[in-house]
Amino acid sequence: MLYLDNSATTQILPAVKEAMLPYLLEEFGNPSSKYYSLAEKASKAVKEAREQVSRLIGCNADEVIFTSGATESNNMIIKGIVDFYGDSNKHIITSKTEHPSVLETCRYLEQKGFRVTYLDVDRYGRIDLVQLANILETPPLLVSIMWGNNEIGSLNQIKEISKLCVEKDVFFHTDATQVIGKVPVDLNQEGFEGVQFLSCSAHKFHGPKGIGVAVIKKDELGLRQKITPLLHGGGQEYDYRSGTLPVHNIVGMGKAAELAFFNLYNNVEKLKTLESYLQDILLDKFGEVIQFNHDSTDKIPGILSVQFQGVNNETLIKTLSPIVAVSTGSACSSTKPSHVLQAIGLSMEEIRSTIRFSLSHLIDKTDLDIFDRL
Ligand code: PMP
């Protein structure tokens, strides 16, 4: 079976598994324990992983906070900011195409008395900078806008949003879950100073599930942004997050980050080649009945959102399932019609005929010839 649902999750790389195994077996120490070698080895492994992740994201190692994944990071950052600073300013800006872990957090906060503006997006899922700039005239507490979209691969102009937020002294968080390993991300680069908070998950770039990161940047004085923790306890992660660290998962995320960092250029090129090859095959085979929902150039490489006019997507996915694994768009809210496709203006009929193909650099071009044989 050909797996083309890599935006839902990816396969762990063999080198990642190998790196993790000792920490599931003999190296079982708790990194927060002290003075004996089992603990020290675990602590050293966590330190190395933190550095590997920080290189991939372009931040300092001590700005990397390990969490259980992007869902937790999004919750922790948004609720944490709001809890700490929300007495003085109760306005949050986000967009209509965010992942449910951002949208539902915002809806929850609306019930608690916060005002949330859900920005519209264009037909390819990008927010409008002019609309954002206008709303920022009365600065909100927080702007939370995703870097790239999981369903249609659209990319927001993060640098420009970052600059607008710096001008107005507004907190800016970005959910970068879908872009890590597929788009260069470097928060240390000029222009990105405004990105103070970032979320991501290891399993989207060939690492293990159940581990992710919340990046919490320090300011010019070297002081960390303050937020209220989501989980209170031993304060293992710089007092932002508590719980015994899952060393095996952290080591796995570190290794996956190291590989994603060193192979970024090649992986991106491969994804682009595969994408255009698949696009050509689909056009060749189904040209009369297909329509692409995504932008052709400015997008996350490897995500194709395709309408098969007159075909029910669930039926098509089931029919394809013995040979190809694809999805309707998101594994997170598969029972409801996609809020992302609604936001870009598709009709219910168009939404029900949409399929997302999401590729990985592990796929060979010839694997995609399977569509020619259908
Ligand atoms: N944000 C985005 C954009 C995602 O695609 C996902 C995963 N589908 C998440 C957040 C949540 O990640 P996780 O399920 O690993 O917590």
Plugging the Cβ-Cβ distance of K226 and D62 into 1/(1 + (r/R0)^6) at R0 = 22 Å yields, to the nearest 0.05, a FRET efficiency of 0.90
If you take the beta carbon distance between D219 and S32 as r and set R0 to 35 Å, what does 1/(1 + (r/R0)^6) give as a FRET efficiency, to the nearest 0.05?
0.80
Run down the aspartates and glutamates and flag those whose C-alpha is under 13 Å from the C-alpha of K365, throwing out any fewer than 8 positions away in its chain.
E269, E275, D280
For the range 210-227, take each phi angle, set θ = phi - 60°, evaluate the Karplus expression 6.51 cos²θ - 1.76 cosθ + 1.60, and give the result in whole Hz per residue in order, putting x for glycine and proline.
x, 9, x, 9, 10, 8, 10, 6, 8, 8, 4, 8, x, 9, 6, 4, 9, 9
Compute the orientation-averaged projected area for the range 1-117 from the convex hull of its Cα atoms and round it to one decimal in nm².
11.2 nm²
Among the GluC sites (Glu not before Pro) in the range 100-140, which ones are in a DSSP loop with at most 14 other Cβ atoms within 10 Å of the Cβ? Mind listing them?
E137
Starting from the 7 Å offset along Cα-to-Cβ, what nm value, one decimal, do you get for the label separation of Q342 and T297?
3.3 nm
Sort 263-269, 124-130 by packing, meaning the average of other beta carbons within 10 Å per residue, with the highest value first.
124-130, 263-269
Out of the DSSP beta bridges found with both residues in the chain, what percent are antiparallel (nearest 5)?
60 percent
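Go ahead and estimate [θ] at 222 nm for the chain from helices alone: -39,500 (n - 2.57) per DSSP H run with n ≥ 4, summed, over the residue count, rounded to 500.
One gets -11500 deg cm²/dmol as the mean residue ellipticity at 222 nm.
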Does the chain come out rounded, prolate or oblate, given a ≥ b ≥ c as the square roots of the eigenvalues of its C-alpha gyration tensor, rounded meaning a/c under 1.5 and, failing that, prolate meaning a/b above b/c?
oblate
Where the accessible area of the range 72-156 is counted over protein heavy atoms with a 1.4 Å probe, how much of it, in %, is carbon and sulfur?
48 percent
Pairs of lysines in the range 189-315 (C-alpha under 16 Å apart; 8 or more residues apart or interchain):
6
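With a 1.4 Å probe and every protein chain left in place, work out the accessible area per residue of the range 50-122 in Å², rounded to a whole number. Provide the component values of the computation, followed by the final result.
On the way: 2670 Å² over 73 residues.
Heavy-atom SASA per residue in the range 50-122 reads 37 Å².
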Listed residues R356, R107, R241; largest mean-square fluctuation, Gaussian network over the chain with Cα springs below 10 Å, found at R107
Note the full-extension length gain between T138 and R373 as 0.36 nm times their separation in residues minus their Cα-Cα distance, in nm to one decimal.
78.9 nm
Per residue accessible area in Å² of the range 252-350, where ligands, DNA and RNA are left out and the probe is 1.4 Å
49 Å²
Sites A325 and D186, calculated FRET efficiency, Cβ-Cβ separation with R0 30 Å, nearest 0.05:
0.40
PRE zone check, label point 7 Å out along Cα-to-Cβ of D120, amide N under 17 Å, scope the range 136-159, hits 136
Whichever aspartates and glutamates have a C-alpha closer than 13 Å to that of K90, once near sequence neighbours (fewer than 8 apart) are set aside:
E110
Quick check: pseudo-label points 7 Å beyond the Cα along Cα→Cβ at Y108 and L283, how many nm apart are they?
4.4 nm
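The values are calculated or read from the model by the stated rules, or taken from the named source; none is laboratory data. Being a predicted model, the structure only gives us computed values, none of them experimental. Backbone-built Cβ (ideal geometry, glycine too); neighbour counts: all protein chains shown. Areas reflect the complete protein model, heavy atoms only, side chains present, ligands, DNA and RNA absent. Shrake-Rupley method; radii C 1.70, N 1.55, O 1.52, S 1.80 Å.
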